[in-house]
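Take a look at the structure below.
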Amino acid sequence: MGKSVWASSGRQAHPGLVMLILLVSGCGLLGRGGEPAFTESMSPQWYNQNAVILTDYLDTLPARKIGHPLTGIMLSDGEHWLAGEVYLGIPADLPEGVNVRLLKNGVRVTAYIWLEEGAKPLSLTPCKNGPQRGIRARRAGGGTFTWRTLQPDHGLVYTICPPPSWLPADLTAPAV
């Protein structure tokens with residue numbers, strides 16, 4: 001195979017230019033499957049304003065809401081987050097200091113997770129396929145922050161492939 005034009009000319013592309021071209025071309029470094037490359041909810045400012053609100057909302061969901069669609073909560077971007085998603089409850093036998101709320105939107109189950117100060121780190125298995133393939137947990141709202149092992153200072157995160165042991169007995173996780 002012959003050398004590329006860049007290699008034969010001795011030129012090198014500036015890394016920033018390469019990143020810009022990939023983002024503009026829709027290659028999907030920050031988004032997959034046609035999702036926007038960047039939305040307001042992916043910004044650190046959005047997360048700082050809304051993560052605590054989302055966490056408080058999830059933490060105060062009463063057991064009587066299990067099996068029912070949520071009314072959701074209005075956040076700083078003007079979006080009504082979690083509206084219409086069905087609350088599945090809290091998994092049994094979670095490690096001390098680990099908080100999880102399960103929600104279902106159609107066939108997709110999402111686990112929202114946060115760890116209390118002093119909780120031991122929580123490792124998750126990566127998603128095998130789908131939009132979070134290879135990712136264990138992503139910061140709530142999206143963005144480029146992803147983790148293999150969760151720590152209390154990571155704040156509110158989510159995964160669309162929660163461990164099967166977290167799911168209600170009458171529900172099996174779709175292969176995502």
Checklist entry - Of all the residues that make up segment 68-99, how many are closer than 23 Å to residue 49 by Cα, outside any loop (DSSP other than H, G, I, E, B) and out of contact with any helix residue (DSSP H, G or I) (no Cβ under 6 Å at 6 or more places or on another chain)? => result 5
Item to check | Scan of segment 115-146 for residues that are hydrophobic (A, V, I, L, M, F, W, C) and either at pLDDT 75 or above or out of contact with any strand residue (DSSP E or B) (no Cβ under 8 Å at 6 or more places or on another chain) (or both), ordered by number | outcome: 115, 119, 122, 124, 127, 137, 140
Item to check | Only listed residue being in contact (Cβ under 8 Å) with a residue 12 or more places away in the chain, closer than 17 Å to residue 63 by Cα and surrounded by fewer than 18 Cβ atoms within 10 Å (Cβ to Cβ), chosen from 86, 100 | outcome: 86
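Consider residue 33 carefully, then state whether it is assigned to a loop (DSSP other than H, G, I, E, B), at pLDDT 85 or above, more than 16 Å from residue 163 (Cβ to Cβ) and not aliphatic (A, V, I, L, M). Break it down stepwise before answering.
Working: assigned to a loop (DSSP other than H, G, I, E, B): yes; at pLDDT 85 or above: no; more than 16 Å from residue 163 (Cβ to Cβ): yes; not aliphatic (A, V, I, L, M): yes.
Against the criterion (assigned to a loop (DSSP other than H, G, I, E, B), at pLDDT 85 or above, more than 16 Å from residue 163 (Cβ to Cβ) and not aliphatic (A, V, I, L, M)), residue 33 does not qualify.
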Next on the checklist: So residue 153 passes all but one of these: (1) under 17 Å from residue 47 (Cβ atoms); (2) crowded, with 16+ Cβ neighbours inside 10 Å; (3) under 17 Å from the mean Cα position of the chain (by Cα). Which condition number does it fail?
Outcome noted: (2)
Next on the checklist: Condition first: buried (at least 17 other Cβ atoms within 10 Å of the Cβ) and of a type in the set (Ser, Thr, Tyr). Now tell me which residues in segment 156-170 satisfy that.
Outcome noted: 158, 159
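The values are calculated or read from the model by the stated rules, or taken from the named source; none is laboratory data. Not measured: the values here are computed from a predicted model. All Cβ positions, even for glycine, are placed from backbone atoms using ideal geometry, and neighbour counts span all protein chains on display.
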